[in-house]
Each structure stands twice: as structure tokens, then as C-alpha cells.
Amino acid sequence: MYNTLNATSFPFANIGEVEKICNELLKVDNLYSVMVSDNQLQDKKSVAWIDSIITNNMGCLTREVTYEEHPVSLMPILKVQDNTQRYVWEHNRGIQGTILDNLHEVFFYINGTANGENELYKQIIYPLKINESLDYHAIIDFCFNSKNPYLTRIYLIGSLFTYPSYSILLNELHQLHIQLVITVTDVDYLHYMQAYTDLAMQEDIIVQVMIKNVNDIEELLINHDKVDVHYYFLVASEAEYEYVLDTTKKDDNKLDYQIIPIVKDNLDFFRNLVYLDEKELTETPLTKRDIFVRQSINLNDFGRLTVLPDGRVYSNVNHPSLGTIKNLPIDIVYKEFTKGQSWFNVRKQKPCSDCIYQWLCPSPSNIELAIGKPNLCLMKE
Ligand code: SF4
């Protein structure tokens, strides 16, 4: 039982009469309010369970006569499944509808760089080390065809200043009035530092630096108080993690950074620093809506498409491609809604499907795929 008002919880055995009451409580039409029979009130386990609910301020027990109309609480229901049926209905009749509004961010791997990596992109956004690049006309067309009121960000990942048509591409994308995010390796950033910092001065551009060589932090941050750049420190060990913390702590100026753990033959590091334990899961405040969203969509993938330098388009780069950059984004989004494996990938598989924290846990992520384990927790190892 989890109370979204104060993030408190208690476990119980869902069996016998308690299970019968729970099954009724979970019916949407009952609005979290059910009749408890005299027999159930004779059952010691049901009474103890109801007492725990009352003691934890999670509900109340009243005599039917006390209220003319009994108290109810709305169960938040996300409309995603209803929407999918509507989209199929519209698609079969050739109606464009609003399905494209579900596309919120597009990630273009515009080219490769000598400092890239060909595995990391399956875990996090990280430039590739390949020679292929996307045609800028194709990027521009895909972006213009993706435009909808909820498309908020376009990412350009790679080595922007070695991309031959970068200035045309930026000029064209500016016409969309959507935030552009330029993602670059630490080495490429240092090489073209002035050009990247000039870009970061523009209001609709964010520059993200992915820092794999954490020992270069001091050189990277030399000017950071004068530039508006976001830093992502990729750490693969506790030593790297501590080093980043120590170095950033020394810095008096406010630094915009995040530490991102990456998988690299380092399961112990993940066990110690990343895996969730019971305390973290039960003490992280979540609203009712947060919990129901976790039951319906994958918060890491929903609304996102990625285009690799060979032109293939993915809802998650770990799953098969949904088409190419030559396809219309609306057709790709429809395919993801009806046949995809990512946007609706929620914790329905074992061991999570048997776990009481199933819907308190964050959505499945690429880190789990990289580790080859369906859960990042200490509860079920
Ligand atoms: S088994 Fe799955 S649902 Fe349960 S705590 Fe671990 S990751 Fe979360």
C-alpha cells in the first residue's frame, strides 16, 4: 500500500478476504470506495489490514449511514490505450488526426567523430565513431514534417563543425523555433571550444558536452563561469565518481552538470551506486499520476525518435528500426503505436511483474539492456 500524499507505504499479504477487498478497490467504477461485509469485519487479517490503512492515513472505514453519498477518490486513467484505438480508426480512414502530437523530441546522429564510440550510444546519447553522415536536406525535411505543438527539442549529435553543411542546417532549423541541442564529445568540444561557446550564447541552442575523460575536467571547466554549457560526466567506477564530485565541489561557480553512470565490465560499481534499494523506492515521493504513467508508457522512450547516420529511424536504438529518414514521421509514430517495442515498454516482465514495487520503479532503461538484466535493484538479484 502506497500513500502518494506523504510517500509512506506498508507491505501486506494480498490473500484471503483482503484480496477480495483489494480486487474491488481496483475496479475503476468503485472510485477507491468499497463495501466491507460483516463477515470480512470478523476476519482478523482483514481488520488488521484496515487498521493499518487508517493508521497510515491511507483511507477510512465508515458506517454506510454516516454519508448520504459515500466518499470517493478518482483513479487517474491515462488515455493512451483509448488513443491507440482512435489512431487506428483514423489511420484506416486516411485521417491524419493528432497522432503526431506524441512526437516530442528527435535525435539526429548527424555524423561520426574520431573520438566517438560505437557502443555507448545504446546506453546514452553519445557521438559515434563512423564515417557516415546524414544528408542535411533529409534532416530538414524530417524536422519540418515532425513539427507539432509538442515537439520541443531537436538534438544534433556528432561533430557539428566537421559537418560540411552545418551553417545551412542550423539556419534552416532556426526557422522552426524549436530548442536545438548540440551534443558533442569532450575532445571535440575542446578542439572547437570558441565555436561551441559562441553557439551556446544563442537563446535557442543548448550545448551538451559528454565527458568520458573525467581526468580532463579542469581543462574543460576553465571558462565555464563565462559560458552556458551543460556538462555530462560519464563515470564507470567509484573512483571516477568521487573524483568528479571532489573536482566539481572545489568550484565556487555554479556548474550545470550531471553524473551519468555507464556500463563497462563494472557490475560492482552499479550494484553499489546505481541499483535501487527498498528505502529509495519507498521514500521517493510519487503522485498518483506518476504511478499511473509508469503503468502506461516508458518515460525514457515515449515521444522520442532517433535517426542514425545511415538514415534508419528508431524509437529506441536497441530495438529494430521503424523506417528511414525518408519516411514521414507520422507513419513512423503510427508504427511505434501499433507495433513498436519501446514507447509502451513498462515493467510487465519478470521479475518486476511479481514485485510489489512494480509501479514505483522508474521505467525500464537502456542501462538494463546494456547490463543484460531486466531490473536495476537489490530486491530481486
Ligand atoms: S524487481 Fe523490478 S519492480 Fe521490483 S524493485 Fe526491482 S526493478 Fe523495481
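Going through Thr197, Thr183 one at a time, which residue ends up being among the hydroxyl-bearing types (Ser, Thr, Tyr) and modelled with pLDDT of 95 or more? Before the answer, list the steps.
Values: Thr197 fails: modelled with pLDDT of 95 or more.
Of the residues listed, the single one that is among the hydroxyl-bearing types (Ser, Thr, Tyr) and modelled with pLDDT of 95 or more is Thr183.
Which pairs have Cβ atoms under 8 Å, sit 6 or more apart or on different chains, and link a residue in the range 264-286 that is away from the ligand (no atom under 16 Å from the Cβ) and in a helix (DSSP H, G or I) to one that is among the small types (Gly, Ala, Ser) and at pLDDT 85 or above?
Phe269/Ala236; Phe269/Ser237
Those residues that are surrounded by 13 or more Cβ atoms within 10 Å (Cβ to Cβ) and not charged (D, E, K, R), I need them from the range 268-291; list them, please.
Selection gives Phe269, Phe270, Leu273, Val274, Tyr275, Leu276, Leu281, Thr282, Thr284, Leu286, Ile291.
Looking at the range 241-258, is at least one residue assigned to a strand (DSSP E or B) and closer than 30 Å to Pro364 by Cα?
First pass over the range 241-258, keeping only residues assigned to a strand (DSSP E or B): 257-258.
From the residues that got through so far, the ones that are closer than 30 Å to Pro364 by Cα too are 257-258.
Looking for residues that are assigned to a strand (DSSP E or B) and closer than 30 Å to Pro364 by Cα, one finds at least one in the range 241-258, hence yes.
For a quick check of your reading of the model, give me the residue pairs whose first member lies in the range 340-358 and is outside the structural domain of Asn14 (by TED's automatic domain parsing), whose second is in a helix (DSSP H, G or I) and near the ligand (Cβ under 9 Å from one of its atoms), with beta-carbon atoms closer than 8 Å and at least 6 apart or on different chains.
Close Cβ pairs satisfying both conditions: Arg347/Ser353; Tyr357/Glu278; Tyr357/Leu281; Gln358/Cys352.
Would you check which residues across the range 333-342 are out of contact with any strand residue (DSSP E or B) (no Cβ under 9 Å at 6 or more places or on another chain) and crowded, with 18+ Cβ neighbours inside 10 Å and list them? Even if it seems obvious, please write down each step before you answer.
Quick first cut of the range 333-342, residues out of contact with any strand residue (DSSP E or B) (no Cβ under 9 Å at 6 or more places or on another chain) only: 334, 337-341.
Of everything in the range 333-342, those that are out of contact with any strand residue (DSSP E or B) (no Cβ under 9 Å at 6 or more places or on another chain) and crowded, with 18+ Cβ neighbours inside 10 Å turn out to be Tyr334, Phe337, Gly340.
Out of Asn298, Asn316, Asn375, Asn345, report the one residue that is buried (at least 17 other Cβ atoms within 10 Å of the Cβ), near the ligand (Cβ under 10 Å from one of its atoms), polar (S, T, N, Q) and assigned to a loop (DSSP other than H, G, I, E, B). I'd like the intermediate steps shown before the answer.
Details: Asn298 fails: near the ligand (Cβ under 10 Å from one of its atoms); Asn316 fails: near the ligand (Cβ under 10 Å from one of its atoms); Asn345 fails: near the ligand (Cβ under 10 Å from one of its atoms).
One residue alone meets the criteria, Asn375.
Considering only residues that are in contact (Cβ under 8 Å) with a residue 12 or more places away in the chain and either surrounded by fewer than 21 Cβ atoms within 10 Å (Cβ to Cβ) or out of contact with any Leu (no Cβ under 6 Å at 6 or more places or on another chain) (or both), which ones fall in the range 174-184? Before you say what the answer is, go through the steps one by one.
Here is the first cut: in the range 174-184, the residues in contact (Cβ under 8 Å) with a residue 12 or more places away in the chain are 174, 176-184.
Listed by number, the residues that qualify are His174, Leu176, His177, Ile178, Gln179, Leu180, Val181, Thr183, Val184.
Would the range 236-244 turn up any residue that is in the same structural domain as Phe107 (by TED's automatic domain parsing), hydrophobic (A, V, I, L, M, F, W, C), touching a residue at least 24 places away in the same chain (Cβ under 8 Å) and out of contact with any His (no Cβ under 6 Å at 6 or more places or on another chain)? Please lay out each step first, then the result.
Looking only at the range 236-244, we keep the residues that are in the same structural domain as Phe107 (by TED's automatic domain parsing), and these are 236-244.
Cutting the leftovers down to hydrophobic (A, V, I, L, M, F, W, C) gives us 236, 239, 244.
Okay, now just the ones that are also touching a residue at least 24 places away in the same chain (Cβ under 8 Å), so 236, 244.
Those still in the list that are out of contact with any His (no Cβ under 6 Å at 6 or more places or on another chain) too: 236, 244.
Yes - at least one qualifying residue is present in the range 236-244.
Kindly list the number of the only condition in (1) of a type in the set (A, V, I, L, M, F, W, C); (2) touching a Leu at 6+ places or on another chain (Cβ under 8 Å); (3) modelled with pLDDT of 90 or more that fails for Phe233.
Checking Phe233 against (1) of a type in the set (A, V, I, L, M, F, W, C); (2) touching a Leu at 6+ places or on another chain (Cβ under 8 Å); (3) modelled with pLDDT of 90 or more, the one that fails is (2).
Given the residues Ile157, Ile95, Ile139, which is the only one that is among the hydrophobic types (A, V, I, L, M, F, W, C) and modelled with pLDDT under 95? Before the answer, list the steps.
Working: Ile157 fails: modelled with pLDDT under 95; Ile139 fails: modelled with pLDDT under 95.
None of the other options fit; the residue is Ile95.
Quick one: Ser365 ticks every box in (1) among the small types (Gly, Ala, Ser); (2) within 13 Å of the ligand (Cβ to nearest atom); (3) free of Cβ contacts under 8 Å to residues at least 40 places away in the same chain bar one, so which box is it?
Going through (1) among the small types (Gly, Ala, Ser); (2) within 13 Å of the ligand (Cβ to nearest atom); (3) free of Cβ contacts under 8 Å to residues at least 40 places away in the same chain one by one, Ser365 breaks only (3).
Can you find a residue in the range 322-332 that is within 18 Å of Thr98 (Cα to Cα), surrounded by fewer than 19 Cβ atoms within 10 Å (Cβ to Cβ) and among the acidic types (Asp, Glu)?
yes
The values are calculated or read from the model by the stated rules, or taken from the named source; none is laboratory data. Keep in mind that what you see is a predicted model, and the values were worked out from it rather than measured. Counting neighbours? That spans all protein chains shown, and the Cβs are built from the backbone with ideal geometry, glycine included.
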